[in-house]
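Colleague: Could you have a look at this structure, given as structure tokens, before my questions?
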Amino acid sequence: MNINGREIGGTNPVYIVAEMSANHNQEFDKAVELVHAAKKAGADAVKLQTYTPDTITLDSNKEDFLIGEGTLWSGRRLHELYAEASTPWEWMPRLIDVAHELAIDMFSSPFDPTAVDFLETIDVPAYKIASFEIVDTPLIEYVAGKGKPMIMSTGMATLSEIEDAVTAALRGGAEQISLLKCCSAYPAPMSE
């Protein structure tokens, strides 16, 4: 795989990706600090998540839209949590500029086609498919059609679902696909 001119895999050095996620706490300056920290720590890339609360869930108080017991967020509404965790889209072009200045790659996990369309406007060099989205084969096929490297997390998938995802990526035209085995529990228990 080649991301932004960097050969990845085989005998090449490991390509380290730092996940920003919601660690910016809705503060742009904190997001910039995190990009700098990733570079200082030796990361090759920073990965964002691109969604809005309305594109990822419904604004509902019904049980299916409340977080169950056993996490830091027990009892909270998904819509509320995603609003707090999302990276504002208007930040992303400026964060890409910061990443370019630091010579670190920045790409994202899109959660729907509108996110893919937006990410194309800021020319991300690759896409990451989140483990939760590996069953969204129309999204995978749409991302693949953009002709950029794809990294897909398989932490929540069965072998059959992984095969379907790879088939969708190939059908969409993907030529560079990497599969990751990731833990998909947040926060992950130490045993995992």
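Colleague: Once the mean 1/r over all distinct Cα pairs of the range 53-156 is inverted, what Kirkwood radius in angstroms do you read off?
Modeller: Numbers: mean 1/r = 0.0655 Å⁻¹.
It works out to 15.3 Å.
Colleague: Ok, one more. Work out the FRET efficiency for residue 66 and residue 11 from their Cβ-Cβ distance, taking R0 = 35 Å, and round it to the nearest 0.05. Walk me through the intermediate numbers first.
Modeller: On the way: r = 48 Å, r/R0 = 1.38.
Calculated value: 0.15.
Colleague: Also: If you find the alpha carbon centre of the range 133-188 and of the range 16-56, how far apart are they in angstrom?
Modeller: 21 Å
Colleague: Please report the relative contact order for the chain, taking Cα pairs under 8 Å with a sequence separation of at least 6, and give it as a percent rounded to a whole number.
Modeller: Details: 317 pairs, mean separation 35.0, N = 192.
This gives 18 percent for the chain.
Colleague: Also, I was wondering about something else. Indicate, rounded to the nearest 5 percent, the antiparallel portion of the DSSP beta bridges found entirely in the chain.
Modeller: Values: 3 of 20 bridges.
Restricted to the chain, the bridges split so that about 15 percent are antiparallel.
Colleague: Given a 1.4 Å probe, how much area per residue of the range 71-114 is accessible, in Å²? Don't skip to the end; give the middle numbers.
Modeller: On the way: 2010 Å² over 44 residues.
Per-residue accessible area for the range 71-114 comes out at 46 Å².
Colleague: What are the semi-axes of the equivalent ellipsoid of the chain, taken as the square roots of 5 times the eigenvalues of the Cα gyration tensor, listed largest first and rounded to whole Å? Could you put the intermediate results ahead of the total?
Modeller: Values: eigenvalues 124, 94, 57 Å².
Those come to 25, 22, 17 Å.
Colleague: Hey, another quick one. Please list the equivalent ellipsoid semi-axes of the range 104-165, computed as the square roots of five times the alpha-carbon gyration tensor eigenvalues, in descending order and whole angstrom. Intermediate values should be presented prior to the final figure.
Modeller: Details: eigenvalues 82, 27, 17 Å².
For the range 104-165, the semi-axes come out at 20, 12, 9 Å.
Colleague: Could you tell me the relative contact order of the range 78-176? Use alpha-carbon pairs under 8 Å, at least six residues apart, and round to a whole percent. List each step's numbers first, then the result.
Modeller: On the way: 118 pairs, mean separation 22.9, N = 99.
Contact order relative to length: 23 percent.
Colleague: Once you keep just the Cα pairs under 8 angstrom separated by 6 or more residues, what percentage relative contact order results for the range 21-132?
Modeller: Working: 152 pairs, mean separation 35.6, N = 112.
Value for the range 21-132: 32 percent.
Colleague: Over its Cα atoms, what ratio of radius of gyration to 2.2 N^0.38 Å does the range 30-113 give? Write out the running numbers ahead of the final one.
Modeller: Working: Rg = 15.5 Å, N = 84, 2.2 N^0.38 = 11.8 Å.
Against the compact-globule rule of thumb, the ratio is 1.31.
The values are calculated or read from the model by the stated rules, or taken from the named source; none is laboratory data. Not measured: the values here are computed from a predicted model. Every residue, glycine as well, gets a Cβ built from its backbone with ideal geometry; the counts of neighbours run over all protein chains shown. Areas reflect the complete protein model, heavy atoms only, side chains present, ligands, DNA and RNA absent. Shrake-Rupley method; radii C 1.70, N 1.55, O 1.52, S 1.80 Å.
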